[in-house]
Structures are given as C-alpha cells and as structure tokens.
Amino acid sequence: VPLPGCVFKDALSVLSQGTAPPCTAAGGALQPSSSGSVGLLVNLLDHGSLPFSPNSIDLGSQGTRDYNPKQMAIREKVFDIIISCFKRHGAEVIDTPVFELKETLTGKYGEDSKLIYDLKDQGGELLSLRYDLTVVPFARYLAMNKITNIKRYHIAKVYRRDTPAMTRGRYREFYQCDFDIAGQFDPMIPDAECLKIVHEILSGLQIGDFLVKVNDRRILDGMFAVCGVPDSKFRTICSTVDKLDKATWEDVRSEMVGEKGLSPEAADRIGEYVRLHGGLGLIEQLLQDPQLSQNKLAREGLGDMKLLFEYLTLFGIAEKISFDLSLARGLDYYTGVIYEAILLQPQSTHKEEPVSGDGLVGMFDPKGRKVPCVGVSIGIERIFSIMEQKAEASEEKIRTTETQVLVAAAQKKLLEERLKLISELWDSGIKAEMLYKKNPKLLSQLQYCEEAGIPLVAIVGEQELKDGVIKLRVVATREEVDIRRENLVEEIRRRTCQP
C-alpha cells in the first residue's frame, strides 16, 4: 500500500512545528501526537500505513542483514581496534564513490566480473556498484590525482552478486578494511610492515590462534615453468592450486589433468613443491634446488622472501608466518608477495586477503605509469561472525551505550533540577541519560542502570539541593557518596576513566 501524500506533508509539519495535523490514511486515521514526529511514526506503524508492517514476512534483500545494538557494539569495537592500528602505522584515510563507471570495472576481476552489480541505465552514464576498494577505486584514485606515494586505509561497503553464506560471514553487501602502501620503496620493507599490521590486528582482536601464510607470485610462476606448465596455462593452473586450502591434492591434481589439460607428469612435479611449507630453512633449501635455482623469476622471489623473513624476525613475528608454496592467486595484478591469515580453529575459515601489485594504477593512467602497491584487506565480516559467536557462547553482557552516569531523582517534582544537572554534565562532555518521566520511581531508575550497564547514578534530592551536593551512587557496589556539585564532573571522569 503506498503512503498517502499527506503523510509526507504532515511529517514535514511535525519536524518544523512539532505537531501532526490529522490525516486519513489507508488503514485508518492518523491522530495528532503530542510527542511529535515519533508519535507520527508510531501511528503510521500502528495503522498499517507504511508499505510493510512489523508482522510482515522477511523483506530483507538476500545476502544482506540488519544489525541490532549489541551487534553494532561488537562491530564498533572491531573497527576501533583496526583503525587505531592503521593510524598507529601512519596511514591516512580516503573515501571513493560507491559506484564506478561500468566500463572502468569491466574486465578487471577475471571470472568474478559476472558478480558485479550493474545499475539501471537512466539515460546517463552506465554505472556499477564497486566490487572492492583496491583494484579499481584505489588505483583509479591514484591515477586521476597523479599520486605516486601514499599510505592509506579505506573502510567502506562493497557489493558482490555472489551466493550468500550468511553463517560464514559471506554477504552480497559487506565491509572491506583495506590498508595499502603505494610508492617506490626498497624491497620487502613495506611488505613486512603489512604483515606486522595483520599480526597486531589479529592479536588485538583476541579471536584465537592464527597463522599467516606467505608466498610470492614470482616463485609460483618460476615453479610452474620448471614443472613444465605452458605459459598460457599459468593463470588457470594457479587458480586450481589456490583451492588446496579447501580440497585435497588428489582433487586438485584431477582438475589440473582432467579439466585444465595439464600433463600428469607436470602435475606430479607441481605436487612435490606445493606441499612444502616452513620458514627460512625452506627458503634456503629452495635456493639450492637444482631446478628452481636456475629460474630467474623464482630466484628473485626466493631472495626477497629470505629478506622478508629477516625483517619479520626483527619485528618478532616470524613464528606466526609460514612460507607456503600452496598459496596462490590467479589474478594478474598480484605480482609479488602474497599472503593470507587463517585462524587455526577447525570451524573457522577466516582469511586476510592480500593486495599486492605494480600494474593496477597503470591501467588508469593515460601514460601507463605504474605505481607499486602492497597492502592487505581485512576479512571483516568473518571477524564479526566469530566475535558474535564468541559473545553468544560466553553469555557476556555487552554494553550498547557509553553512558557514564544516569541523572536520577530521589523524590517527586524534581524534573527541573534533573534537567539543569544533566545539561551541565552534557556541556562538560559527560555522557549522561535520564528517564523521560516527570516523577520516576527511584527503584525504576536504579534498575534501568543495572540493565543498561550504566556504572554511576547522580541522585538529586531535596536535602542534597539544600547542602549543595549530589549523591553519587556506584551501581556495582551500591556505594554512595556526597560530592560537591562543582566537583561532580571531575569525580565522574575519575570513576569512569574517561576524559
């Protein structure tokens, strides 16, 4: 049922004048409400005048979800940890449009291009929703603004017309948290910092034991060459090898030979390498490998990998990093080190996806100038799912507000005094609430604090007003102390450890 036109007019009237004139809508009459726009919205819902009702079936788009206050509190905590880490490492923040020119996005994501959401042609530019934050948005941003050196982070929603798997944190609309370093730098120093950032974030989130796998695209290509893979099959074989984290070697080999047309001998030689993983010892071993050591690309990649592990050792995180030859990526823009982090719990599939390549910016620069980039994209939705599951399992009480103190009254007819006190607290930067009743019962006010997790209650009473004090109650211990009104703000700050 469409909303009647007068509803929109009346809503504007509510916002500007604080009153809602009567209006007859489909489903019944809308009555004026003394509580302004909130009352109008409640009336609309009560009378079924909106195009949906609280009792209707699930109307959410497939692959999307709503977040309640507890879920949002968890998300904000995660974002705070990630953003503080990015800032600690000197990153700047940027933003880009949620849509891009369709022609700009097309062909940049290989087979995944079919997952791009195209917007309806409305007689102007052909546009599509962004698929990620790096391959097109960041590269285009650098090229259009002629930027050759930046350390940036970008946190925003992206869109993919993929098959949703909600329980595993895979949606059609989801956040990405990207950190990238663009510019000409000495080898492996930016890469080592990116891995340090991943280590700091996963350690700070405390979501479980993890391991960061690393490899190098040059080592992969060199390995394919010495194993007898034709140049034309490098990318497709790379995509098959990338399935080893979900499939057995037998299944991967079968796909290489049966579907991709690779010779069984070449597949078996690949199998000898891709099941290797380790650290500096493995790198030294492969540098002495009679076949890999003769391939220029592999030799360069192994040399840089050795340097990377030396830097990671200095950062004190080498024990969490594994050089894994099964880690592969099929997209052409991955040109150097690639890495992903996995949680070691069997039920988890969380990953941090790598972003590493030199050719992205050149795709958009009129002169084809290349800007080397390295970075990481945090699999944020999977982290959210894990954090929510942990919170449910522990039955942990999650605060959905940051309120430091509730302004309460001990007797009736003290609304004016409560309003004056809460205004003083707000003006001083204190996060404060009060109940929206003229004469609330003290017990109701205290119970609200316990339910909401508010740590303090500032109680206004007749005797306190005469004495020039406020009774400050600690909810957890029920301790009460009289505080001079002029000292109340400082006392609240001290007890809640907030500036």
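By how many nm would the segment from K246 to S263 grow when fully extended, if each residue of separation counts as 0.36 nm and the alpha-carbon distance is taken off?
Contour length minus the Cα-Cα distance gives 3.8 nm.
Exceeding 26 Å between C-alpha atoms, which entries from my cross-link table qualify? They are K120/K233; K412/K466; K233/K296.
K120/K233
From Cα coordinates alone, what are the radius of gyration and Dmax values for region 177-266 in angstrom?
When restricted to the Cα atoms of region 177-266, Rg and Dmax are 17.2, 46 Å.
Need the full-extension length gain, D118 to E424, defined as separation in residues times 0.36 nm minus the C-alpha distance. One decimal, nm.
105.0 nm
Under 1.5 on a/c is rounded, so check that first for region 405-496, then, if it is not, pick prolate when a/b is larger than b/c and oblate when it is not; a ≥ b ≥ c are the square roots of the alpha carbon gyration tensor eigenvalues.
Verdict is rounded for region 405-496.
Taking R0 as 56 Å, what FRET efficiency do you get between T148 and E451 from their Cβ-Cβ distance, rounded to the nearest 0.05?
0.55
Pairs K102/K146; K102/K320; K114/K157; K77/K420; K77/K151: which exceed 30 Å Cα-Cα?
K102/K320; K77/K420
Provide the per residue accessible area, probe 1.4 Å, for region 111-261, rounded to a whole number of square angstrom.
On a per-residue basis, region 111-261 sits at 44 Å².
The values are calculated or read from the model by the stated rules, or taken from the named source; none is laboratory data. Computed from a prediction, not measured in an experiment: that's the story for all the values here. We place every Cβ from the backbone using ideal geometry, glycine too, and count neighbours over all the protein chains shown. Side chains are part of the model used for accessible areas, which takes the heavy atoms of the whole protein and leaves out ligands, DNA and RNA. Shrake-Rupley method; radii C 1.70, N 1.55, O 1.52, S 1.80 Å.
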